[in-house]
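Please read the structure below before turning to the comments.
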């Protein structure tokens, strides 16, 4: 799978953009639980009061509070607060108490420092109120008519600090949350004294926090859409590159490689396998970078809130990996056979669809239905097993998440009871924990998708990295001047890969410009195999084939094949028009050359009868024209490029004798400066050839003209007598 990423080098900018967006999204996601916590802790429980930095305090209240502050702390307070005097008309509406008393208003210079100073002071003030209500519990005796603060005011500095130190010892063991809450209660009392509406403060805070959360959620959505956009484009580009690579490699395959991999398998690899890779790449871009960020960020946030429940997350993550590991072990073997079953289904489907006429002719529909049904059931069975096994993951994950939530609430409630944690922190803790578990779940899901994608990647790379047996030479040799216009077979032998014996043995002959060389022999004698060696559909096992005096293996394939006009046994046409099929061999073919090729191949007679003439459409494979018309158009396609070498591989078999004779007569006029190779089953097609090569079980049984072979070659004579009368043989 990793080998595929070398094709992503051109998309490095997109990858960097995706990473940046994922970091941004993770930070935004980790921000939301903080707001949830604040809405509960600050908005609901504290009436929107965030910390101990009081917005406004009366001068008299500050004077009482200043008893618990040293000189530096008092200076810090006064540096950060502005004193408004009573009667200040501009601020009377905001602070009604200004009608009768001076107030200090926070000017927002150094919040952290002020919070630290006032939180401690408010806590001491809170304890002093407790002393007022029950002095004996603190071993303090209050003079009648005096409060604890009044008593402190009358004390000298040393005595006051000694008493305050005792109270300070009392609050040292108090949790931070208790200290903060006591300060908040003091601030609430002061706000009510000043005349501020605590209900409005609470509502404003909750609405503002909610609005921020909505804004963050919308921003997360926008970032997620951008990530999907760039990720999908990147994956689609990779898929396009892989399909192009596979197609380019398959285009270079010889018939050996095509037999080795099979057409149906190549189609599956180009479609289904690449689709699997594309899906996983999108998930990788979405998860691989995002999950670690959100997991690490979530762990840091939870430990900052309360590390006492970290063990719950650890157990949850371990349980998750155990669950995924078990499912992975069960499902993994099935992934390995899934793709091969897809190949099998494609193969069976393709065979049945292509062979429908034969299937119907032999009334064998039931058998083929059973064959398809077997392949379909095998694939469905594996697919269902995988789907059912993987479907267990979601309910098990929900169970795990719910158990984790219950555990957090259970143990968190104890923390709330002792004041070590707040309710909002528990809610945030649950959200962070869910984010951590979901991050690990996403990684686990990717780990399950990866094996199947990895198998697909191996299948794709197997084609891309496949060693092509038919290759261009490192250095191309030029044609030999005195050998131009010749094709020479020198001791040619050929054996199919993994075969035990040669199918072509020791073939020797030379063809020159203007000559027609025909090949005839019984079925399986090696005629088609022999001429397929010329354009290098296969390479000879021994010996050599020389074109213009150069071994074809020392010529570039493009150079060699541009010299050849090839017509296969089955006329193969492509979807398009008659014009596009005839001009298929070159972009430089003119309309006049196209019409001339159609005339020679005897195609004009049926083309002219069509309403759209050469613009008439041709269906895929040429299924909307007859077999004879396909052959004639295939022949026209070869003639149109005016090649140096013509190869007709039994290309006249679907033609009637009259059309065959006309075509060969016209063909002879345009091939007088070319070499023509004809494979035929009918003696009448080749009896006028300059040289006839008779093959018998891959060996040359005779070479010569029709008359020479009738006299000297027993195999040829037997073929001739089986097709022609003695009179026709003599006249030939």
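How about the range 656-685: which of its residues are closer than 18 Å to residue 597 by Cα, modelled with pLDDT under 85 and not in a loop (DSSP other than H, G, I, E, B)?
The answer is 659, 660, 661, 662, 663, 664, 665, 666, 667, 668, 669, 670.
When you look at residue 232, is it out of contact with any strand residue (DSSP E or B) (no Cβ under 9 Å at 6 or more places or on another chain), assigned to a helix (DSSP H, G or I), buried (at least 17 other Cβ atoms within 10 Å of the Cβ) and touching a residue at least 24 places away in the same chain (Cβ under 8 Å), yes or no? Outline the logic, then answer.
Values: out of contact with any strand residue (DSSP E or B) (no Cβ under 9 Å at 6 or more places or on another chain): yes; assigned to a helix (DSSP H, G or I): yes; buried (at least 17 other Cβ atoms within 10 Å of the Cβ): no; touching a residue at least 24 places away in the same chain (Cβ under 8 Å): yes.
In short, no.
If residue 5 satisfies every condition in (1) free of Cβ contacts under 8 Å to residues at least 12 places away in the same chain; (2) within 30 Å of residue 157 (Cβ to Cβ) but one, which is the exception?
Tallying (1) free of Cβ contacts under 8 Å to residues at least 12 places away in the same chain; (2) within 30 Å of residue 157 (Cβ to Cβ), residue 5 fails exactly one: (2).
Let me spell it out: the conditions are (1) on the phi > 0 side of the Ramachandran plot; (2) assigned to a loop (DSSP other than H, G, I, E, B), and residue 653 meets all of them except one. Which number is the exception?
Evaluating residue 653 over (1) on the phi > 0 side of the Ramachandran plot; (2) assigned to a loop (DSSP other than H, G, I, E, B) leaves (1) as the failure.
Restricting to the range 471-493, count the residues that are farther than 19 Å from residue 645 by Cβ, surrounded by 13 or more Cβ atoms within 10 Å (Cβ to Cβ) and assigned by TED's automatic domain parsing to the domain that holds residue 688.
1
State yes or no: is residue 282 assigned by TED's automatic domain parsing to the domain that holds residue 346, modelled with pLDDT of 80 or more, part of a helix (DSSP H, G or I) and more than 23 Å from residue 18 (Cβ to Cβ)?
Working: assigned by TED's automatic domain parsing to the domain that holds residue 346: yes; modelled with pLDDT of 80 or more: yes; part of a helix (DSSP H, G or I): yes; more than 23 Å from residue 18 (Cβ to Cβ): no.
Taking the combined requirement at face value, the residue does not satisfy it.
Residue 69 passes all but one of (1) under 30 Å from residue 274 (Cβ atoms); (2) in contact with a helix residue (DSSP H, G or I) (Cβ under 7 Å, 6 or more places away or on another chain); (3) free of Cβ contacts under 8 Å to residues at least 60 places away in the same chain; which number fails?
The number of the failed condition is (1).
Let me spell it out: the conditions are (1) over 29 Å from residue 538 (Cα atoms); (2) in a loop (DSSP other than H, G, I, E, B), and residue 293 meets all of them except one. Which number is the exception?
(2)
Please work out which one of (1) in contact (Cβ under 8 Å) with a residue 60 or more places away in the chain; (2) in contact with a strand residue (DSSP E or B) (Cβ under 7 Å, 6 or more places away or on another chain); (3) surrounded by fewer than 18 Cβ atoms within 10 Å (Cβ to Cβ) is the condition residue 44 fails and give its number.
In the conditions (1) in contact (Cβ under 8 Å) with a residue 60 or more places away in the chain; (2) in contact with a strand residue (DSSP E or B) (Cβ under 7 Å, 6 or more places away or on another chain); (3) surrounded by fewer than 18 Cβ atoms within 10 Å (Cβ to Cβ), residue 44 misses (2) alone.
Taking the range 597-619 only, how many residues are assigned to a loop (DSSP other than H, G, I, E, B) and on the phi > 0 side of the Ramachandran plot?
Qualifying residue count for the region: 1.
To keep it simple, each residue is scored yes or no on (1) surrounded by fewer than 14 Cβ atoms within 10 Å (Cβ to Cβ); (2) in a helix (DSSP H, G or I); (3) at pLDDT 85 or above.
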residue	(1), (2), (3)
530	no, yes, yes
534	no, no, yes
570	no, no, no
588	yes, no, no
592	yes, yes, yes
595	no, yes, yes
621	no, yes, no
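Can you name every one of the helices (runs of 4 or more DSSP H) wholly within the range 319-428 that holds 3 or more residues which are in contact (Cβ under 8 Å) with a residue 24 or more places away in the chain and in contact with a strand residue (DSSP E or B) (Cβ under 7 Å, 6 or more places away or on another chain)?
Per the criteria, no element qualifies.
The values are calculated or read from the model by the stated rules, or taken from the named source; none is laboratory data. Not measured: the values here are computed from a predicted model. As a convention, Cβ positions derive from the backbone with ideal geometry for all residues, glycine included, and neighbour counts pool all protein chains shown.
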